[in-house]
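Visitor: Have a look at this one.
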């Protein structure tokens, strides 16, 4: 793979980095010279991805090796220059997120790029250890908590946040019931609705981040990475999966999503682009509900309560 140096010396964190958009974005960030921390839920899949990055021959990149010992044990090694680290954390578990943020903050005093990408969908209503619907807990609350805990590092660095959302956010409806009921799964209305609601929350979080933190030099954008052939479709319920099966032939490679992320972080001239929603490479207006400032404010304040923030 050809290495460029457009992001040489910059520090990036990518959640859900072992496959799909996260894996593609990780590879592209490494090619651009960044030091990347991959955040993965599964030790097995994370270590496999790290080994594959080594085998891909990313010259000039120091692969520091996978985590050893107990879950969430930090990676050893210096942090200078381009390279890749692996951290384990289940973003649906707030204790995991807090421990992850502590480890990251201790070795990364400045964070240039944070890609909140990890996402799940479940065919049934499943709950996190804290009692939240699992899709909402992972896709929104985990990233909300992680981002808030890393604020000081983002302020010290370039501070560019990319939240991987979906055009499915247009089907999300966080006004259809009390936010508490949606977050807790009391108003669960199927896997696709839960996913759409979480992706709507991603956009609302993005825009409220800019309103609250923009004066601190932190920027945030949301992106629909394209309809991609990624692992997430395997976790949908059987009915929707069968309906989607004929269309998988027309789904794009995850590299389309990786390029959509890089479009927002690689070019320094785009550092003043913030508070936007992109459909792959093209800026679009998000749904009307995603632009609801009172809803965004309420979601932020409730999310602080739900994450004991």
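The values are calculated or read from the model by the stated rules, or taken from the named source; none is laboratory data. No experiment lies behind these values; they were computed from the predicted model shown. Counting neighbours? That spans all protein chains shown, and the Cβs are built from the backbone with ideal geometry, glycine included.
Visitor: Yes or no: residue 69 modelled with pLDDT under 95, touching a strand residue (DSSP E or B) at 6+ places or on another chain (Cβ under 8 Å) and exposed (fewer than 14 other Cβ atoms within 10 Å of the Cβ)?
Guide: Details: modelled with pLDDT under 95: yes; touching a strand residue (DSSP E or B) at 6+ places or on another chain (Cβ under 8 Å): no; exposed (fewer than 14 other Cβ atoms within 10 Å of the Cβ): yes.
Criteria not met by residue 69.
Visitor: Can I ask one more? From the list 77, 9, pick out the single residue that is part of a loop (DSSP other than H, G, I, E, B) and modelled with pLDDT of 70 or more.
Guide: Result: 9 is the single residue among 77, 9 that is part of a loop (DSSP other than H, G, I, E, B) and modelled with pLDDT of 70 or more.
Visitor: From 38, 28, grab the single residue that is at pLDDT 95 or above and farther than 29 Å from residue 132 by Cβ.
Guide: Criteria check complete, one pass: 28.
Visitor: Examine the range 233-241 for a residue that is touching a helix residue (DSSP H, G or I) at 6+ places or on another chain (Cβ under 8 Å), at pLDDT below 50 and within 21 Å of residue 201 (Cβ to Cβ), and state whether such a residue exists. Outline the logic, then answer.
Guide: Here is the first cut: in the range 233-241, the ones touching a helix residue (DSSP H, G or I) at 6+ places or on another chain (Cβ under 8 Å) are 233-234, 236-237, 240-241.
Applying the additional criterion that residues be at pLDDT below 50 yields 233, 241.
Now restrict to residues that are within 21 Å of residue 201 (Cβ to Cβ): 233.
Yes; the residues of the range 233-241 include at least one that is touching a helix residue (DSSP H, G or I) at 6+ places or on another chain (Cβ under 8 Å), at pLDDT below 50 and within 21 Å of residue 201 (Cβ to Cβ).
Visitor: I've got another one for you. Give me a count of the residues in the range 96-146 that are touching a strand residue (DSSP E or B) at 6+ places or on another chain (Cβ under 9 Å), surrounded by fewer than 21 Cβ atoms within 10 Å (Cβ to Cβ) and under 23 Å from residue 298 (Cα atoms).
Guide: Residues flagged as touching a strand residue (DSSP E or B) at 6+ places or on another chain (Cβ under 9 Å), surrounded by fewer than 21 Cβ atoms within 10 Å (Cβ to Cβ) and under 23 Å from residue 298 (Cα atoms) within the range 96-146 amount to 2.
Visitor: Of the numbered conditions (1) touching a strand residue (DSSP E or B) at 6+ places or on another chain (Cβ under 9 Å); (2) in contact (Cβ under 8 Å) with a residue 40 or more places away in the chain, residue 155 satisfies every one except a single condition; which is it?
Guide: Result: residue 155 fails condition (1) only.
Visitor: From 160, 175, grab the single residue that is surrounded by fewer than 18 Cβ atoms within 10 Å (Cβ to Cβ) and more than 17 Å from residue 191 (Cβ to Cβ).
Guide: Values: 160 fails: surrounded by fewer than 18 Cβ atoms within 10 Å (Cβ to Cβ).
Being surrounded by fewer than 18 Cβ atoms within 10 Å (Cβ to Cβ) and more than 17 Å from residue 191 (Cβ to Cβ) holds for just one of 160, 175, which is 175.
Visitor: Could you check the range 41-62 and list, in sequence order, the residues that are surrounded by fewer than 18 Cβ atoms within 10 Å (Cβ to Cβ), in contact with a strand residue (DSSP E or B) (Cβ under 6 Å, 6 or more places away or on another chain) and at pLDDT below 95? Walk me through how you get there before you give the answer.
Guide: Start the filter on the range 41-62 by keeping residues that are surrounded by fewer than 18 Cβ atoms within 10 Å (Cβ to Cβ), which leaves 42-45, 48, 51-52, 54-57, 59-60, 62.
Of the ones still in play, those that are also in contact with a strand residue (DSSP E or B) (Cβ under 6 Å, 6 or more places away or on another chain) are 43, 54, 62.
Those that are surrounded by fewer than 18 Cβ atoms within 10 Å (Cβ to Cβ), in contact with a strand residue (DSSP E or B) (Cβ under 6 Å, 6 or more places away or on another chain) and at pLDDT below 95: 54, 62.
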